[in-house]
1. If you build the Cα gyration tensor of the range 1-96 and take the root of 5 times each eigenvalue, what three semi-axes come out, in whole angstrom, biggest first?
2. Quick one: plug the Kirkwood hydrodynamic radius of the chain (C-alpha pairs) into Stokes-Einstein at 4 °C, 1.567 mPa s, and report D in µm²/s.
3. Hey, how many Å between the Cα centroid of the range 422-459 and the Cα centroid of the range 141-201?
4. Can you flag which of 191/245; 191/447; 79/126; 98/219; 341/475; 453/493 are past 21 Å Cα-Cα?
5. Give the accessible surface of the chain per residue, rounded to a whole number of Å², with probe radius 1.4 Å and ligands, DNA and RNA excluded.
6. How high is the relative contact order of the range 377-516, in percent, counting Cα pairs under 8 Å that sit 6 or more residues apart?
7. Using alpha-carbon pairs under 8 Å, 6+ residues apart, how would you state the relative contact order of the range 178-295 in percent?
8. What does the net charge come to around residue 225 if you take all other residues with beta carbon closer than 14 Å to its beta carbon, with K and R at +1 and D and E at -1?
Amino acid sequence: MAELKAQYREIRLVLGDQLNSNHSWFTEVSNDVLYVMAELKQESAYVKHHIQKIAAFFAGMRAFAADLEAHGHAVFYIKINDTLAENSFAELLLNVAKEKSATVIRYQLPDEYRLDSELARLSQQKEIQIITCDSEHFLTTRTDFQNFFAGKKQFLMERFYRNMREKHRFLMEGSAPEGGKWNFDHDNRKKYKNEVPIPKPPVFQNDVTAIYNEILHAKLPHFGAIDPKNLTWPITRHQALSVLKHFCEALLPFFGTYEDAMYGDDPFLFHSRLSFAMNSKLLSPTEVIEAAISAYRANDKISIAQIEGFVRQIAGWREYVRGLYWKEMPNYAQLNHLENKNPLPEFYWTGDTKMNCLRKSISQSLELAYAHHIQRLMVIGNFSLLTQLHPDEVDAWYLGIYIDAIEWVELPNTRGMSQWADGGIIATKPYVSSGSYINKMSDYCGKCAYNVKERVGENACPFNALYWNILDEKKSFFANNQRMSMMLALLKKIPATELAEIKLRAAAVIENPDQF
């Protein structure tokens, strides 16, 4: 880093997920402003993270700091083994401000409640002026969600999504949705059978060997695999833009069609792999959506179902979960509506299980720090709920393992959507299924040690017994839920002797999941 002056009037904090080079902060260079970026141990170790996640964030931060300096900005960068890395952000900022005789500390509002609370305490001291500003990234403010659903008992995503489309004029024809419908989800549920070639994704050879060695020296808790000489995730805006270009040109024509599909021979299929770049703010949701819509306009092979499904993920779901997070925190992180208490199986850290869907999804996650939303929701999340794992343990695992996992997006998706620990705030019914759904959407079951069509017996798919068991065990929680009424009615029709066998099979899996 460049040599710094002794004094600066203003200190500005840039967090590791605020790598937005288009932020208004950077439009002008000021000799009185010092940007502070830091790899703090508290941020790297509050849960055990995948090694690729730690390395990618550090690499992205260092590249961003170098770019700021190349454009004339003054940057004070703290690496993970520096003495100052032992501080909290609040302590660090006050120390730097004192050392540099700064009278102002400015920071962009963090996206995690924990950090927001910590930095908010800075305002309690009177010696230095504290100024906050927006990160200038999202399509909504923190409070837009709360205002939109004021007075409502249910927070229906579809209502929110339609409002976002109207507000931002995404895929609109006057006041009507383009294509005559708001939602083409029904068209986006096809199983992939190798009928369309899957384009190979852009591969970056980011050498993070030095960072990897520094992580080891700092003794940061971590897990998962990494090739330090070939980190393939985008760590610069230029790389992120190339991933976006590849998605729009090669993947978008089939994105929606196979959006929910799982395929053992390819972990990515037609998914964009943009979530890390977006969640670190290398790319903005607006530019991503506009690029995708432009590609749709220019390519008649891209149907409305493909582009609508993609826009719904970003303008709808991504903004929705962030809004719900800020409305419901901090209590949301403590919710355990179904009173689940079981510990995480050991195979979540190894992938060592005979259940092929879980072996594929977890091993892939450990190898790549990535799984797409159906693997996360309907395989790993489904099993986690069916075996009644404690949501605290499930949250920590999801937050640590996925490269794109930051609490504002991970927590509502995991504790709410996946584990139904919020009792229906985000999803009107639990997302649980037997093995039949996994078989419908993947090729996993044909290569599994278990028979997806059997409910009981040693060869029976564990998901089947677990599914009917949780309906029976937790039926009091679902009694007033109309969306569960049909399945509860079917539960009553299972003969008592068969249900007893089902529950014995489920109990064996729940008590010893690592044996299956």
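The values are calculated or read from the model by the stated rules, or taken from the named source; none is laboratory data. For clarity, every value in this text was computed on a predicted model and none was experimentally measured. Here the Cβ is made from the backbone with ideal geometry for all residues, glycine too, and neighbour counts use every protein chain on show. The accessibility values were calculated without ligands, DNA or RNA, using every heavy atom of the protein model including side chains. Shrake-Rupley method; radii C 1.70, N 1.55, O 1.52, S 1.80 Å.
1. After diagonalising the Cα gyration tensor, the semi-axes are 23, 16, 11 Å.
2. In µm²/s, the coefficient is 53.
3. Answer, in whole Å: 26.
4. Among 191/245; 191/447; 79/126; 98/219; 341/475; 453/493, the Cα-Cα distance tops 21 Å for 191/245; 79/126; 98/219.
5. 42
6. 20
7. 33
8. Every neighbour counted, the sum reads 0.
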